[in-house]
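Student: One structure follows; several queries about it will come next.
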């Protein structure tokens, strides 16, 4: 047993940290080569529009660690955007103040949004329906119900306050003149430099993601999640209530999808059935890039966020640079496959490094 | 060995992503400072907007305006379009954005923000709010809306189709998606148009969500449920293509008249072959060109831009389809 | 009476198939009972009912003289009935001490209210129990995936020992092991027996069973067909009972 | 004792009956749907409507056939929808170039279709190599291929459907075996001469050529899966990969074949689509063909864990979904209910599968 030669150690390093290295390299490249990328604005664009896949990615992380998959998150997100919009509009129209309508609407939607997840959980855990099918059915059902609720036309006429929260920032600065919090300085005029720092929705998302990242990493609940993904039998025999745990996992997934839907409603002041449809695959891809395995037992919220950032930086960077749309599809496909190939080639090295 | 190979591949991949970036970056360095730069943000990847891009590029070349075309959104909706809009705007140095908003209200805030930064906005094809920017409102900030009068178009299609059918019989509408304002205008106009003829009736409206195969299935089902349908209106290219293919498949070519909106090559060929009877051609290239032209005039001459510019449309029929004059209205890149 | 664990008339059906039919047996403290039978004889089903994986369709289970109701694995574990399965039931993606504590993780509070896993404690305790059983594993932070078969078996045993097992069920504990490792496991069994633990051991390796078991229970087609004191029988008779030759002769 | 026996046998009889219902539930469901729709939908119960349904199902039957093989091995192929668009656009482009370059209709059609089919093998081979040799999870490998084929397709056609193809294409694609004009004329393969526009509604068409085509392909697939070593190995791999390896099956090569076959069938669907529509269609982003095919295969009794599934089951799955869709359309029910119905049917399918694990 000799100590590993230098090139082997380098390989271990690359294998373990390739995603982080990729993100750094990507960021460096784009900041040199695409104008306006490495600016306050460019970075905030990445995070602001990333919220959807950050949240859905976190949802998928929990599910994928247990060896499942949740295809319904995109349409649960749309469902939540519609339900919240409907409730808020109804309340606002009946004379409730915008602030109260929004608060009540958000809380109610958070509760209603758990239902599809609970059903998913029952189907998967109690009736042993494969997660792919259970959640795919839920995708179809939530899609149908959402469209019925709005009859195909996006819900609108939300109070202006929703817009102000969804597109608002924590801090506004007019250099040398005014600093204000939460509200845009009234003194600003068109064409003047106005620095907007830290979007509200990003803060909200990261608080949620942080809490659940902590739960996964540090608590008994998290430990059991990994155990179920690693070996269900072992988990059952160790006395873990696997059925209840799995049900909870799908409820958590639904909870994150609902949060994403509410953020959508605040950001775009509409409720739309397919609001999250386009983010589903991205979020699964991000989880996989982040080191999770679709066979279960592996993955972290941190890794997922890293994966999301790789995708978001790539998308935004290519967009700011103006690479053609068609080339982008190809690039994303290649990078995805490559990401998994690396994982396949370094497994033993990565584990030794643990 | 394999692992080293993969590291090499990794580096190559990064280089492959990087090189076009270099090229693009350098191009931008060369650009002069005093030229105008307009950006175009389409609504969805489809031939209508590709044709509009062509009109924009031709006019911009003529006037010496720089054009940035954003990524084409892969589906219809603010969640896809707004990130593209913001990323395009982040390139900086943009004087004017020509955009087809994918939502009448969701796009107000992001566009207003860009407007506040000093960028002018022209909405093309679709609009914000109710499309009337002349009265004071939170969405009255764009310079102009340039697009087809969809209701009028729908009405005209109804008149033409009614005439072909001898002002009697049942007609059916296949359309895309109830959340696209322009397309819903066409349906509304068409229904109003048909309502003027007492012996005519609209027997159904189906939404195909921009999937041609679905349009075909729906039309066949409609023909089955109402065997006496004599006319069909397809409100955009996917609807119209699906509808006429359904009629071809049902073997009813000629017995069922088809009016279609959007002049793709396929629909024009179908018109020539007798499978389609009427094609309304919007003028996407002209819409694009007008947007560039008005923007240019606004910046260079201080011209006052009309809040609404309606470029009109043309009808292709079997009689005029081969006219050399008409060929420019066919959608091409 | 007096048995540490006793089952009476246990029955389990799967659809039309009766996997375990009216089986009764008892095990004293500090006694090793070998459970023998051919494949499909119902051995595994029987022990799974004791360990709470299956719910019996009929019959009673007594533990420490009292009738008990074992609804799920947690019930069995909380009484001190531990099971080591043939497939070991370890989560391969977790490390050694996490597996020892799986399902019964030690928690600590941070900031006075949030309960989190106490990794240090679990690590130290695991080291202690491994030391007590004289088991060597390079690092307790290694994932199970990287351990050898014998090491895994050792982890599974130390896991049950740590939890103060009063009763231990071992399903084929030596099947996948090398000679040296087999001996080590049998030594462990004797060590546990001397500490007053009741043990049921299932094995196809008659040699192993004869070397550790005090009593033998033989099952065939879901029915208990014989019970023998190990010293009063021999492998040939037992094989005959397992395959059913004796009964054929009798009829 | 005797009483008990008869009780048991009665129970077994009942169980057998229930199992029979469970086994043929999709068939029973189809029958139920047909009865309901023939009351609610005017024109549902007619020859022409069923011919429409099977004609429009052709593409989906091929895609479901492709997915059946993949799912039996325990994999999944998300790229089929876009490989279909890829081959459709590619073959149409070649036909278009040759046709406008002066080649005869038939030559350009044949050359174009064949090259489209051959090209569609490439993404399949790549999928297979990634999955079999490099152990990339099928979900990821085929998702990557989804992006790549979509990008390439759009680059070729620049976002426009490929048109100006020979009119013969649509004639072949939409032809029927037999045309009958009541009391007047009858002809094979083409509309009888002299049928004027006004009378065309009375023309009876029997047996669409597309049905002939799909029956041929599906019979071959059925035979391949049911009666050959290849099919047997496919099940073996899905049932227990290790056992298959130990039994000496070259699993890697087999998996590469499976994904290539899947791509080939998707390519075939793409080429057929050109015949059906007369244009080269790229696959729209929100068409979700692959999810439809997977749903049909699962309704047909396959398990995503692998080892189970059949061509006939998948055919029934496709027909069930298509009849449902068609019936709801004809009955004038809002399309939104359709999504809900599909979801619920899927769940029924899987729960039945769970309750009766040894049926299919």
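The numbers here are math on the coordinates, done by the rules we state, and not lab data. Treat the numbers as computed from the prediction; the structure is a model and nothing was measured. Methodologically, a virtual Cβ is constructed for each residue, glycine included, from the backbone with ideal geometry; neighbour enumeration extends over all protein chains shown.
Student: Taking the Cβ-Cβ separation of residue C:17 and residue D:207 as r and a Förster radius of 45 Å, what is the calculated FRET efficiency to the nearest 0.05?
Tutor: After rounding, the FRET efficiency stands at 0.35.
Student: Given just the C-alpha atoms of region C:95-163, how large is their convex hull per residue in cubic angstrom?
Tutor: Looking at region C:95-163, the number lands at 85 Å³ per residue.
Student: Oh, and also: Per the Cauchy relation, a quarter of the hull surface: what is the mean projected area of the convex hull of the alpha carbons in region D:51-155, in nm²?
Tutor: The Cα convex hull of region D:51-155, projected and averaged over all directions, gives 7.9 nm².
Student: Here is a further query. With chain C treated as a Gaussian network of Cα nodes joined by springs under 10 Å, which of C:15, C:112, C:30 yields the largest mean-square fluctuation?
Tutor: C:112
Student: If you wrap region B:248-324's Cα atoms in a convex hull and average its projection over all directions, what's the area in nm²?
Tutor: With every direction weighted equally, the projected area is 6.7 nm².
Student: Follow-up. Kirkwood Rh, Cα Rg: Rg to Rh for region A:6-352?
Tutor: That ratio is 0.99, to two decimals.
Student: Now, a different point. Using only the alpha carbons of chain B, what is the convex hull's orientation-averaged projected area in square nanometres?
Tutor: So the Cα hull casts an average projection of 21.3 nm².
Student: Shifting gears a bit: I'd like the distance between the alpha-carbon centres of region D:320-359 and region A:206-269, rounded to an integer number of Å.
Tutor: 30
Student: Suppose R0 equals 60 Å. What FRET efficiency, 1/(1 + (r/R0)^6) with r the Cβ-Cβ distance, do residue A:122 and residue B:134 give to the nearest 0.05?
Tutor: 0.60
Student: Considering just Cα atoms, how many Å³ per residue does the convex hull of the protein assembly as shown enclose?
Tutor: Residue-normalised Cα hull volume stands at 222 Å³.
Student: Let me know the whole percent of all Cα-Cα pairs from chain C that are separated by more than 26 Å.
Tutor: In whole percent, the long-distance tail amounts to 42.
Student: Calculated FRET efficiency, residue A:40 and residue D:36, Cβ-Cβ r, R0 51 Å, to nearest 0.05?
Tutor: Efficiency, from the Cβ-Cβ distance: 0.25.
Student: Same structure, new question: Regarding region B:239-292, what are the three Cα extents along the principal axes, ordered largest first, in Å?
Tutor: Here the spans come out as 45, 18, 14 Å, largest first.
Student: Based on the alpha-carbon gyration tensor of region D:132-248 and its eigenvalue square roots a ≥ b ≥ c, which shape applies: rounded if a/c is under 1.5, prolate if not and a/b is larger than b/c, or oblate?
Tutor: oblate
Student: For region D:275-325, rounded, prolate or oblate, judged on the Cα gyration tensor with a ≥ b ≥ c (square roots of eigenvalues), a/c < 1.5 rounded, else prolate if a/b > b/c?
Tutor: It comes out prolate by the Cα gyration axes.
Student: Calculate, axis by axis, the spread of Cα positions in region A:29-107 along the three principal axes, and write the results as whole Å, longest axis first.
Tutor: Extents along the principal axes, in whole Å: 53, 38, 15.
Student: Now for a different question. Taking Rh as the Kirkwood radius computed over C-alpha pairs, what is the Stokes-Einstein D of region A:172-331 at 10 °C in a medium of viscosity 1.306 mPa s, expressed in µm² per second?
Tutor: Translational diffusion coefficient: 84 µm²/s.
Student: Mind running the shape call on region B:150-281? Use the C-alpha gyration tensor, a ≥ b ≥ c as the square roots of the eigenvalues: rounded below 1.5 for a/c, prolate if a/b tops b/c, oblate otherwise.
Tutor: Rounded.
Student: Quick check: pseudo-label points 7 Å beyond the Cα along Cα→Cβ at residue C:139 and residue C:180, how many nm apart are they?
Tutor: 2.3
Student: Next question, about the same structure. With the crude spin-label approximation of a point 7 Å out along Cα→Cβ, what separation in nm comes out for residue D:118 versus residue A:28?
Tutor: 4.5
Student: Further question on the same structure: Taking the Cα atoms of region D:192-339 alone, what are Rg (to one decimal) and Dmax (as a whole number) in Å?
Tutor: Cα-based Rg and Dmax for region D:192-339 come out at 19.6, 68 Å.
Student: Continuing with this model, one more query. Mind pulling the angle between the C-alpha long axis of helix B:212-225 and the longest principal axis of chain B? Nearest 10 degrees, somewhere in 0 to 90.
Tutor: Value to nearest ten degrees: 20.
Student: Mind giving me the nanometre distance, one decimal, between the label points for residue B:310 and residue B:203, set 7 Å out from Cα along Cα→Cβ?
Tutor: For the pair residue B:310/residue B:203, the computed spacing is 3.2 nm.
Student: Here's something else I'd like to know. If packing is taken as the average number of other Cβ atoms within 10 Å across a peptide's residues, how do A:119-126, D:268-275 rank, most packed first?
Tutor: The packing order, highest mean first, is D:268-275, A:119-126.
Student: For region D:37-355, what is the per residue volume of the convex hull drawn over the alpha-carbon atoms, in cubic angstrom?
Tutor: Cα convex hull per residue, to the nearest whole number: 154 Å³.
Student: Sticking to Cα atoms, compute the Rg of region C:23-106 to one decimal and its Dmax as the biggest Cα-Cα distance, whole number, in Å.
Tutor: Both quantities, over Cα of region C:23-106: 14.4, 40 Å.
Student: For region C:72-209, just the Cα atoms, rotate onto the principal axes and tell me the three extents in Å, largest first.
Tutor: 56, 32, 25
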